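Notes follow the structure.
The values are calculated or read from the model by the stated rules, or taken from the named source; none is laboratory data. Every value quoted in this text rests on a predicted model; they were computed, and no experiment measured them. FYI the Cβ positions are ideal-geometry reconstructions off the backbone, even for glycines, and counts take in every protein chain you see.
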C-alpha cells in the first residue's frame with residue numbers, strides 16, 4: 001500500500017533533513033570503531049579476547065619478518081576477575097623507535113602499511129590500536145608498552161586513545177638508559193573477554209599460527225597452563241618486495257587520495273612513478289584517452305577529470321603486475337608446519353604459480369596431512385591461512401571453504417556427501433598470499449569469492465587430491481593384499497595336509513612351499529582373484 | 001575299488017604339481033546348473049553338458065571351497081584304504097574343526113559339505129557310493145519280493161506294517177524272487193500306509209514304494225533295477241501340483257543337480273498315474289482341492305520351459321494349474337471315501353491305462 005504524500009508531509013521531511021544536516025559533524029575513526037566494534041571482530045566476549053591476541057601476535061610476526069629475525073613470541077592470557085583478562089604479547093622483533101610508539105599504536109588507520117602494496121599480515125592500520133581502544137573501552141585501563149631497539153635504552157609507555165581526535169593520549173612515558181641490550185616489544189593490556197578452549201579458541205588459533213609460521217617459536221601461557229610450540233624450521237621465507245599499485249587494481253577513491261599525496265609534478269610522471277607497469281608511452285596514451293593534459297600537476301586535476309583518468313587507466317592494455325612481491329611459504333615449510341602439529345602418515349604440499357585478481361597478485365598454496373593418528377571419523381580439519389594468518393571465524397563465507405566443499409573428494413580417497421566437507425583422517429591447509437587480500441569484512445575472517453581465486457584454490461586442491469589419492473590407493477591395495485594373504489595363510493595347513501594324504505608325501509615341505517608363494521606374493525597369488533572362470537573342459 | 005582310490009590320488013598329484021611349478025593350484029569342476037544340463041531326447045535322460053569351472057586355491061572367493069574339497073578328497077581316500085563306509089553326516093563331523101589361529105571352522109553346516117561331495121563326484125566321475133559315502137535311509141517298500149542284503153534274506157511281504165526301509169546304497173543287494181505285475185511309487189507316506197493296510201499289493205500283485213518326498217538315490221536305484229532287471233512297469237503317484245510332478249520327472253529322467261548320474265538312477269519307462277488337474281473333474285474332487293500358492297505357480301511356469309516337460313499332455317496340465325490356480329493332494333481322494341483310492345481311483349486308472357508320459 002502506497003501512502004499518498006501530501007504537501008504538508010513533504011515540508012515536514014525537508015525540515016527534518018535540514019536539522020539533521022546541522023547536527024552532522026566529522027566522526028573520527030576512533031568513534032566509528034567505538035560504535036561499530038563488531039565489524040572489527042569485537043562483537044562478543046569470546047571473540048574479542050581472541051581478536052586482541054590475534055592483532056598483537058600478527059604485529060609481532062610482521063615486525064620480526066620485516067627485520068629478518070626468526071621470531072620468538074611469548075603470549076600470556078591470565079584471568080583477572082570475572083570476564084576480565086590480562087593479555088601480554090612479547091616478541092624478539094626490532095622494537096620501535098621511542099618517539100614513534102604513541103603515533104603507531106595510539107592512532108587508528110595510521111601506519112606504514114596502508115599506502116604500500118606488499119604481502120603482510122596487517123593491511124589496514126587498525127590492529128594494534130584497535131586492541132588498545134578495546135581495552136580502554138571495556139576496562140578503562142591504559143595499555144603498557146615496553147620496547148627497545150638494541151641501543152641500550154628502553155621505552156616505557158602507558159597509552160590510551162583520545163577517541164574524538166583519534167590521537168594518542170600518553171598516560172606515562174619513560175625512556176630509560178638502563179644499558180640493557182635487547183630488542184623487541186612487549187605489550188600488556190587488560191580487557192573484557194571470555195576464555196574457551198574449543199574449536200574457535202585462542203589455543204586453536206595459536207596452533208594454526210604455529211602451522212602457518214613454522215619458523216616461529218611460540219610459548220603460550222593460558223588460564224589452564226603453559227603450552228610450547230617449538231619452531232619446526234630455521235629459515236624465514238624470503239621477504240616480500242613492495243610494489244606500486246597496478247592501475248587495474250585500484251579504486252577511484254584511492255586514485256584521488258594518491259593524486260593529492262603524490263610528489264610527482266605532472267600527471268605523466270605520477271602515472272609512471274606511482275604505479276607499476278606504466279611507461280612514458282602508456283602514460284601519454286592514458287592522458288590522451290582521458291582527454292587531459294599530461295603536463296598538468298596531479299594536485300590540480302579536477303574531480304571530473306580524475307574520473308576520466310580512472311576510466312582511461314582501466315581501458316589501456318597493461319602487462320600484469322609483478323609477482324615477485326609475493327612470499328609463499330613453499331612446499332617444505334608447509335609440510336614442516338603440519339608435521340610439527342599432526343602425527344600423520346602422509347604429508348604433501350603444492351604451491352601454485354602467482355595469479356592476478358583485479359590487478360592484485362596472489363598465490364595459492366595447499367597442503368594436506370593424512371592418516372596416522374588423525375581421527376578416522378568426522379569431517380576433515382580445514383586450516384585457512386591468509387598471508388600466514390589463521391582465519392578462525394566466518395568459514396562459511398570464505399572462498400577457501402567454498403572451494404574445499406566444491407571439490408569432489410570422493411575421487412581422492414575421502415568420503416563426502418553432497419557439497420559438504422569431506423570425511424576422513426585428513427587435515428587440509430589452504431594459504432592465500434597476496435599484497436591485498438580481499439576480505440568480505442573488516443574483521444578479516446573470510447576471503448571474498450573472486451572467481452579467479454576460487455579457480456586457483458580448486459586447481460591446487462585437485463593437484464594435492466591426486467597425490468592424496470595415490471597414497472590412499474596404494475595403502476588400500478596393500479591392505480587388501482594383506483587381507484588376502486591372511487585368508488590364504490589360514491587355509492594352507494589344511495590344504496597341505498590333505499594334499500600330503502592324497503599323494504603319500506609329508507605335509508611340511510608342501511606347506512613350506514605354499515607359504516613361500518604367499519609370502520613372496522608370486523604372480524599366481526596376486527593374480528588369483530575375481531570370479532570363477534568358466535570355460536570348456538577338455 | 002582301486003580305480004576310485006587312484007582318481008583321488010591323481011587329484012592330489014595334480015594340485016601338488018601346480019604347487020611345485022609355482023602355479024595357482026586349481027580343480028576342474030563341471031557346472032551343475034540348469035545352464036549346463038541337457039535333456040537327451042533319445043535316452044530320455046538329463047545329462048551334464050561340458051561347461052566347467054575352475055576352483056583356485058589363491059582366490060579369495062575360492063580358497064575355502066578349495067580347502068574343503070581337498071579335505072573331503074583326503075577323507076574319501078582314507079575310506080577307500082580302510083574299506084569302510086560312512087554317512088554324509090559322519091563325514092561332516094569328521095571334518096568339522098576350528099582352523100588354527102582363527103575362529104573360523106572348516107565346515108559350519110552339513111549343507112556345506114554335501115555339495116562339496118557332489119563336486120568331487122562330478123569332478124572325478126565317480127559315484128558317491130563308490131566314494132563309500134551313504135546318505136540317510138529314506139523310502140520304504142513292500143511286495144512279494146525276496147532279497148539278500150549283507151548276507152540276510154529279507155522277504156518284503158513279511159515285514160508287518162512298516163515295510164522294508166530302503167538303504168542309500170542298493171548296489172550290493174541281490175533279488176532272490178520277484179513276483180509282481182508292476183511297481184507303484186508314491187510320494188506320500190500316508191498313501192503308502194493306506195494301500196498297505198488295504199492289502200492293495202496283494203490284491204493287485206504289485207510292489208509299493210514310498211519315496212517320502214523327493215526321491216533319494218537308494219529308492220531311485222532300486223526302482224530302476226526293478227524296471228530294467230524284471231521289466232516291471234513303473235507307475236508314479238504324486239500330488240497334483242508342480243512339486244509332485246517334478247518328483248515324478250526326477251524318478252523318470254534324473255535331476256538337474258545329479259544330472260551326471262541320471263544313467264544310473266533314471267527310470268525312463270516310468271509312467272505317471274496321477275493325480276492330474278484333469279482328475280479333479282473326472283473323479284469329482286472339486287470340493288477337496290487346495291488353492292495354489294504363489295511359489296507353486298512360479299514353479300509351474302519354470303517347468304513349462306523344461307525340455308522334459310514339453311509333451312502336450314504335461315503342458316496342458318501345467319497350464320490348467322496356472323489357469324485355475326488350484327492343486328490337489330493325494331488325500332483329496334479320501335474325500336470321496338476312505339477306500340476310494342484303492343477301490344476306485346487306482347484300479348480305474350490302471351484298467352483304462354490312463355497314464356501321462
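What the table below lists for this structure:
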item: Subset of the stretch B:150-189 that is in contact with a strand residue (DSSP E or B) (Cβ under 8 Å, 6 or more places away or on another chain) and in a helix (DSSP H, G or I) - its residue that is farthest from residue B:225 (Cα to Cα); result: B:189
item: Matching option when the condition is surrounded by fewer than 18 Cβ atoms within 10 Å (Cβ to Cβ) and in contact with a strand residue (DSSP E or B) (Cβ under 6 Å, 6 or more places away or on another chain), among A:322, A:375; result: A:322
item: Filtered residues of the stretch A:217-233 (kept if surrounded by 20 or more Cβ atoms within 10 Å (Cβ to Cβ) and in contact with a strand residue (DSSP E or B) (Cβ under 6 Å, 6 or more places away or on another chain)); result: A:218, A:220, A:222, A:229
item: Condition met for residue A:179 (under 33 Å from the mean Cα position of the chain (by Cα) and either assigned to a strand (DSSP E or B) or farther than 17 Å from residue A:86 by Cβ (or both)); result: no
item: Check on residue A:497, over 15 Å from residue B:62 (Cβ atoms), in a helix (DSSP H, G or I), facing chain B (nearest Cβ under 9 Å) and at pLDDT 90 or above; result: yes
item: Only listed residue being part of a strand (DSSP E or B) and under 31 Å from the mean Cα position of the chain (by Cα), chosen from A:344, A:349; result: A:349
item: Filter result for residue B:42 (more than 7 Å from chain A (Cβ to nearest Cβ), free of Cβ contacts under 8 Å to residues at least 24 places away in the same chain and not in a helix (DSSP H, G or I)); result: yes
item: Test for residue A:506: is it at pLDDT below 95, surrounded by fewer than 16 Cβ atoms within 10 Å (Cβ to Cβ), facing chain B (nearest Cβ under 9 Å) and more than 55 Å from the chain's Cα centre (by Cα); result: no
item: Residue that is surrounded by the fewest Cβ atoms within 10 Å (Cβ to Cβ) [pool: residues in the stretch A:509-538 that are facing chain B (nearest Cβ under 7 Å) and at pLDDT 80 or above]; result: A:513
item: Complete set of residues in the stretch B:75-85 that are facing another protein chain (nearest Cβ under 9 Å) and in contact (Cβ under 8 Å) with a residue 40 or more places away in the chain; result: B:77
item: Any chance residue A:253 is at pLDDT below 85 and assigned to a helix (DSSP H, G or I); result: yes
item: Residue in the stretch B:20-27 that is closer than 13 Å to residue B:123 by Cα, at pLDDT 90 or above and outside any helix (DSSP H, G or I) present; result: yes
item: Among (1) facing chain A (nearest Cβ under 7 Å); (2) within 20 Å of residue B:131 (Cβ to Cβ), the one test that residue B:58 misses; result: (2)
item: Flag for residue A:322 being outside any helix (DSSP H, G or I), farther than 15 Å from residue A:358 by Cβ and under 37 Å from the mean Cα position of the chain (by Cα); result: yes
item: Within the stretch B:190-240, tally of residues that are assigned to a loop (DSSP other than H, G, I, E, B) and under 18 Å from the mean Cα position of the chain (by Cα); result: 8
item: Residue list for the stretch B:241-276, restricted to those being part of a loop (DSSP other than H, G, I, E, B) and within 16 Å of residue B:313 (Cα to Cα); result: B:241, B:270, B:275, B:276
item: Test: residue in the stretch A:478-488 that is away from chain B (no Cβ under 14 Å), over 19 Å from residue A:389 (Cα atoms) and surrounded by fewer than 19 Cβ atoms within 10 Å (Cβ to Cβ); result: yes
item: Selected residue (only one of A:444, A:458, A:475 is surrounded by 14 or more Cβ atoms within 10 Å (Cβ to Cβ), assigned to a helix (DSSP H, G or I) and at pLDDT below 95); result: A:475
item: Test for residue B:16: is it more than 24 Å from residue B:260 (Cβ to Cβ) and touching a helix residue (DSSP H, G or I) at 6+ places or on another chain (Cβ under 6 Å); result: yes
item: Scan of the stretch A:216-250 for residues that are in a loop (DSSP other than H, G, I, E, B), modelled with pLDDT of 90 or more and touching a helix residue (DSSP H, G or I) at 6+ places or on another chain (Cβ under 7 Å), ordered by number; result: A:216
item: Scan of the stretch B:1-28 for residues that are closer than 15 Å to residue A:492 by Cα and touching a residue at least 12 places away in the same chain (Cβ under 8 Å), ordered by number; result: B:12, B:15, B:24, B:25, B:26
item: Number of positions in the stretch B:12-23 that are under 36 Å from the mean Cα position of the chain (by Cα) and at the interface with chain A (Cβ under 9 Å from one of its Cβ atoms); result: 4
item: Filter result (in a loop (DSSP other than H, G, I, E, B), at pLDDT below 90 and either buried (at least 19 other Cβ atoms within 10 Å of the Cβ) or touching a strand residue (DSSP E or B) at 6+ places or on another chain (Cβ under 6 Å) (or both)) within the stretch A:80-109; result: A:106, A:107, A:108
